[in-house]
Structures are given as structure tokens and as C-alpha cells.
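Okay, so here's the structure we're looking at.
Read-outs: derived from the displayed coordinates by stated rules, not from any lab. All figures in this text were calculated on a predicted structure; none of them were measured in a lab. Backbone-built Cβ (ideal geometry, glycine too); neighbour counts: all protein chains shown.
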Amino acid sequence: MNEYKEMILVVEDNPQISNFITYALKSEGFSPMTAGTAQGALSILVSQHIDLILLDLGLPDFDGMEVIKKVREWSEVPIIVVSARDQDKEKADALDAGADDYLTKPFSATELMARIRVALRHLSMLNLTQTQPTLKVGDLAIDLEKHAVTLKDKPLHLTPMEYNLLSLFFKNMGKVLTTQYILKEIYGVGYGTDTQALRALMAGLRRKIEEVPAKPRYIMTEIGVGYRLVDV
Ligand code: CA
């Protein structure tokens, strides 16, 4: 009965939404804390151990985006942005500022829990890549030490660029990667606008890893934002 309960900080100024989230978290065995302002959130973050942050972007004192930037100066704690703004640009900005994922209001408790589990799993996955070179989703496996990829236990021949792209997704399992972030990681600074090249690279990779490239099961497109490798 001594099971560890993950501490989740809910940063939300709307009491109704905050109560809904807190209730859902408690019933799933998490330990929630709440803050109604950005300042309140930051003072909790510097004094307590928090495992994950659910962050509303529209806060009364300052913008949630500023909270992400501040937290990222010292912490890698997963941040899921909870926002009423369903604009792609803001989602992408939040992700580029260092958020791990986003949820658009209104959302269900089930959806919320699924995202939280992915974000927490991503963190343990990150630790895993440091000790264990082989990672797997479905029939797809990657050996980060040998730079080898297999599909259904058969070696898959990828170009170096395709490999770099796929390994980037594995290292960020479950997380939405923005087009800008991928471009920077794959092509380096200065190539940040060549979305066409990325689309071509992605199409090539999908032809090799997906059974039906038009209906991908591994790397999903997040329209207007980027891509995500899903846990299948
Ligand atoms: Ca708000």
C-alpha cells in the first residue's frame, strides 16, 4: 500500500476546471496540487518535488508560455499545456518553448489520463535510453548503439537521414515534435524553413516502416503542429 503517488501540479485559474482535473487525478491515484496563478505555480515548483505540470496558458498574472520558459531554465519536468485556444500556432509555440504535449479544452478525464501516462512514460523512456540501447514500439525496434533498425525482427535499411529522424522520435516517444524542432535537429540551424524536405524524408521513412503509409500506425501527423511517435 506504500505505492508512490506522482505529484501533479495543476495550474489553472478557473476553479471549475481545476476541481474537475483534481478530482480526476485523485481517482486515478495521483497526488494533485493546485495553483491559480503563474506566480503561485513557480513558488510551488521551487519548493516541492513535482512529477508533472498541467498548465493552463491563460493565467491572470502572466502568460503560461512564460511559465514554460522559466521552468525549462532549471527543470525537465513534463509539462502538458491545457488550453482553450485551439490554434495550431499556439500549440506549436508552447511545444517549442519546452512543453511536452497539449490538450485542448474541453477534454475528457480519459483523454487527460492517457496524455499524463504518455508524458510520464516518456520520462522513464529517456532514462532508459541511457542504460538500454534497444527500444521498441509494436514491431519496430531500434538499437541506438549499433544504429540498427528492425521491423518484425528483420533488418530495415534506412538512409542516415531516415535513421536520424526515426531515432529522434524514439528518444521522444509519445511526445509531439514540432516541424521546427525536427528541422533544427535533423538539418541543423539555418535549414529551419525547409518543410518540404522534411515531408519528403517523412514519406520515405513511412514507406519503410508503415504497412499502409497513408494510414500510419507509428508516426502520426499532428495537423498544423508536427508529428508524434505513438506507443502501439
Ligand atoms: Ca485560464
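What the Cα convex hull of the stretch 12-74 gives, in volume per residue, is 74 Å³. Sorting the Cα pairs of the stretch 41-177 by distance into bins of 10 Å, from 0 upward, gives 11, 36, 30, 18, 5, 0 percent per bin. Modelled spin labels at K208 and Q16, positioned 7 Å past Cα toward Cβ, are 5.1 nm from each other.
Panel note: the C-alpha atoms of the chain, placed on their principal axes, show extents of 52, 45, 31 Å (largest first). The simple spin-label model puts a point 7 Å past each Cα toward its Cβ; for Q196 and E76 those points are separated by 3.7 nm. Shape summary: the stretch 172-232 maps onto an equivalent ellipsoid whose semi-axes, from the alpha-carbon gyration tensor, are 20, 13, 9 Å in decreasing order.
Residues in the stretch 96-105 carry Karplus couplings, in order, of 5, 6, x, 5, 8, 7, 9, 10, 9, 5 Hz; the curve used is 6.51 cos²θ - 1.76 cosθ + 1.60 with θ = phi - 60°, and Gly or Pro positions show x. How big is the charge dipole of the stretch 1-79 about its Cα centre, in debye rounded to the nearest 20, if each Lys and Arg gets +1 on its Cβ and each Asp and Glu gets -1 on its Cβ? Here the size comes out at about 100 debye.
Report, in debye and to the nearest 20, how large the dipole of the chain comes out about its Cα centre when Lys and Arg carry +1 and Asp and Glu carry -1 on their Cβ. Working shown, then result.
Details: 26 positive and 31 negative charges, 153 e Å.
Dipole of the chain, to the nearest 20 debye: 740 debye.
Within the same chain, lysines fewer than 8 places from K184 are excluded, and of the rest, those with a Cα less than 16 Å from its Cα are K171.
Taking a straight line from the alpha carbon of K26, these lysines sit under 26 Å away, with near neighbours fewer than eight places off in the same chain left out: K5, K105, K175.
Below 20 Å, Cα to Cα, which aspartates and glutamates can K152 reach? Residues fewer than 8 away in the same chain don't count. Counting by Cα, and skipping residues close in sequence, K152 has these aspartates and glutamates nearby: D139, D143, E162, E210, E211, D231.
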